[in-house]
Amino acid sequence: MYDLNPQILRRVAIQEVLNPSLTLTKQFLAVNKVRFKEDVPFIEDIILDPKENLAKVYFPIEGEQYYLVVILTLEPHPTVRGIVISPGNEVYFAVKSEMHSLEELLALAGIEPTRTWRRGEKNGKLPLHNGFEIRLFEKKTGEVENKLRSLLDALLPYRTDLSHLFRVASAGIYIAYYGYKEQMWGIHLDEEMIGKLAELQVPVDIDLYASGPDLGPFG
């Protein structure tokens, strides 16, 4: 059985950032600067995938919303398998209305929100409407598709209530993708996700952002 000790995973990934063994790591880091904390490359997240025998270690990039990801093979012991630039992303469901109160919206939805706001509320800015949000993942790390799949599964049991809500309020699933312009992977919706979206009859808004420096040549 392989070791999932996060300290070991951190150490192996940090070593690759500080002393790259892969040409692609050198190429990425030649123009992208990993964020440091207390003189050590900062790790924002570690996502394990024991089924695939992998761990993905996320390093934020200075001034950007995408990540350098060191991919580790777990068995028989953690070793560097590859390197990739992964987009930061946000996936959430939001409802808003100028005419209906927050209490009315929540009563119709029947689902527990992760955030709510009221029209004119002073929370740094003045919203023009009442509304709520369901955001299952606060971090921008991870895969868009996995977040969307989890969100759809959370919404589907409430599809009847939501259908009533959609008649009186503006609602939709919102996806923001913050990619590196040299590695814009895009978003893949499989048949199952498309079927669930059709069941919910909910619109999807996707915003794509590309940024970052030009990538230099290999070698």
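Numerical summary
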read-out	value
Computed label-point distance, nm, for sites Asn5 and Asn146 using a 7 Å Cα→Cβ extension	2.4
Isotropic mean projected area of the C-alpha convex hull, region 175-219 (nm²)	4.3
Whole-Hz ³J(HN,Hα) from phi, Karplus 6.51 cos²θ - 1.76 cosθ + 1.60, for region 57-74, glycine and proline x	10, 9, 10, x, 9, 4, x, 10, 10, 10, 10, 8, 10, 8, 9, 10, 7, 8
Cα shape, region 87-157, gyration tensor, a/c 1.5 rule	oblate
Trypsin sites (Lys or Arg not before Pro), loop per DSSP, at most 11 other Cβ atoms within 10 Å - longest free stretch of the chain	1-121
Under-5 Å amide H pairs with Gly82, H placed in peptide plane, nonlocal only	Ile71
Degrees separating the helix 144-155 axis from the principal Cα axis of the chain, which is the longest one	30
Fraction of accessible area attributable to carbon and sulfur, the chain (%, probe 1.4 Å)	52
Tilt relative to the chain, helix 159-168 - C-alpha long axis, 0 to 90 degrees, to 10	70
Volume of the Cα convex hull of the chain, divided per residue and given in Å³	151
Full-stretch length increase - Thr79, Asp45 - with 0.36 nm per residue and alpha-carbon distance subtracted	10.5 nm
Nearby lysines by direct alpha-carbon distance to Lys37 (threshold 29 angstrom, same-chain neighbours under 8 apart not counted)	Lys26, Lys56, Lys139, Lys140, Lys147, Lys181
Where chymotrypsin sites (Phe, Trp or Tyr not before Pro) fall in DSSP loop in region 132-219, at most 11 other Cβ within 10 Å	Phe218
Solvent-accessible area per residue for region 22-176 (1.4 angstrom probe, square angstrom)	51
Inter-probe distance in nm under a simple model that places probes 7 Å from Cα toward Cβ, at Leu189 and Met99	2.7
As computed over region 128-218, the Cα convex hull volume per residue (Å³)	123
Region 5-13 - phi-based ³J(HN,Hα) in whole Hz, Karplus 6.51/-1.76/1.60, Gly and Pro as x	4, x, 5, 5, 4, 4, 4, 5, 5
Crossing angle, helix 191-200 versus the chain [Cα axis fit, 0-90 degrees, rounded to tens]	20
Relative contact order [Cα under 8 Å, 6+ residues apart], the chain, whole percent	20
Region 27-110: GluC sites (Glu not before Pro) in DSSP coil with no more than 11 other Cβ atoms inside 10 Å	Glu38, Glu62
Rounded, prolate or oblate (a/c below 1.5 giving rounded, otherwise prolate when a/b exceeds b/c) for region 61-190 by Cα gyration tensor	prolate
Cα shape, region 37-98, gyration tensor, a/c 1.5 rule	oblate
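The values are calculated or read from the model by the stated rules, or taken from the named source; none is laboratory data. Being a predicted model, the structure only gives us computed values, none of them experimental. Heads up, the Cβs are rebuilt from the backbone with ideal geometry, glycines too, and the neighbour counts pull from every protein chain shown. Side chains included, ligands, DNA and RNA excluded: accessible areas come from the protein's heavy atoms. Shrake-Rupley method; radii C 1.70, N 1.55, O 1.52, S 1.80 Å.
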